[in-house]
Amino acid sequence: MVWSQIFMRTSLAAAMAVGLMMLGGVATAKAESRDSCRRNVDKWEDRLERDVHRFGYDSRQARHDRHELGEARESCEHRFGNYWHDRDGDPR
C-alpha cells in the first residue's frame, strides 16, 4: 500500500513538471513564430525589390510579389496583432 502511494505521488509530480515545461515552451514557440513571420515578410519584400529592379514596377512578377507580401503581412497581423513587426520595440 505504501509503495502505491509513493508511486502515485511521484507520477503526479512528474506530470506537473512536464506540464510546467510545456508552458515554458509555449512562450518560446510564440517568439520563434513571430520571428518566422517577420522573416517571411522580409523575404517577400526582398523579392519584390529584386523583381521591380529586374522586370519593372508593373511587371507580372512584381504584382505577384506585392500580392504575396500583402498576404504575408495580413497573416502576421492576424496571428500577432499590430506587434508582429516589432524588433525590440523598434517598429519597422
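Counting other beta carbons within 10 Å of each residue's own, what order do Asp51, Asp65 fall into, fewest first?
Ascending number of Cβ neighbours within 10 Å: Asp51, Asp65.
Counting neighbouring beta carbons within 10 Å and listing from fewest to most, the residues Phe80, Phe7 come out as Phe7, Phe80.
No lab work stands behind these numbers, since they all come straight from the coordinates. Just so it is clear, the model here is predicted, and its values are computed rather than measured. Please note: Cβ atoms are built from the backbone with ideal geometry, for glycine as well, and neighbour counts cover all protein chains shown.
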